[in-house]
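K.L.:
Questions regarding the structure given below will be posed in turn.
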Amino acid sequence: MLGLNKEVCRVAALPSDERVAGLKRIISRKTVQAVLRRCHPNQRYCKRLPRLFVVWFVIGMAIHSSDCYRQVFRWLHRRQTQVPGATTLCEARQSVGVAP
């Protein structure tokens, strides 16, 4: 656990555009998918904001804590041209809940 904390501190010190890559090194996509399957086995999801992305978004809000929701979305989803409104992002976050 101590090694993980050191890695998290190193990622937090990176420039914003490098934090996402660092985050994905620490917590793998497979891990997030497994947690979502365990917590929400039959839940439908929104095509625009899949649950996997929303989990990354919530984690991204922690490592980009000085940025607004929409900027965190931009850091995580660079290919997206249209950024959802803060209300949409907030509702997506709430739909995933606290279990994951």
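The values are calculated or read from the model by the stated rules, or taken from the named source; none is laboratory data. The shown structure was predicted, so the numbers you read here are calculated from the model rather than taken from an experiment. Heads up, the Cβs are rebuilt from the backbone with ideal geometry, glycines too, and the neighbour counts pull from every protein chain shown.
K.L.:
Taking T88 as meeting all but one of (1) buried (at least 16 other Cβ atoms within 10 Å of the Cβ); (2) at pLDDT below 75; (3) over 12 Å from the mean Cα position of the chain (by Cα), write down the number of the exception.
P.N.:
If we test T88 against (1) buried (at least 16 other Cβ atoms within 10 Å of the Cβ); (2) at pLDDT below 75; (3) over 12 Å from the mean Cα position of the chain (by Cα), just (2) comes out false.
K.L.:
Against the condition surrounded by 14 or more Cβ atoms within 10 Å (Cβ to Cβ), modelled with pLDDT under 75 and assigned to a loop (DSSP other than H, G, I, E, B), how does L49 come out, does it pass?
P.N.:
Spelling it out, it is not the case that L49 is surrounded by 14 or more Cβ atoms within 10 Å (Cβ to Cβ), modelled with pLDDT under 75 and assigned to a loop (DSSP other than H, G, I, E, B).
K.L.:
Moving on to the next point. Can you tell me how many residues in the range 52-87 are of a type outside the set (A, V, I, L, M) and part of a helix (DSSP H, G or I)?
P.N.:
Looking only at that region, the number is 11.
K.L.:
What is the number of the single condition among (1) more than 18 Å from L14 (Cβ to Cβ); (2) among the aliphatic types (A, V, I, L, M); (3) modelled with pLDDT under 85 that A34 does not meet?
P.N.:
(3)
K.L.:
Moving on. Hey, any hits in the range 69-80 for a residue that's hydrophobic (A, V, I, L, M, F, W, C), at pLDDT 75 or above and loosely packed, with under 15 Cβ neighbours inside 10 Å?
P.N.:
Taking every residue of the range 69-80 in turn, none turns out to be hydrophobic (A, V, I, L, M, F, W, C), at pLDDT 75 or above and loosely packed, with under 15 Cβ neighbours inside 10 Å.
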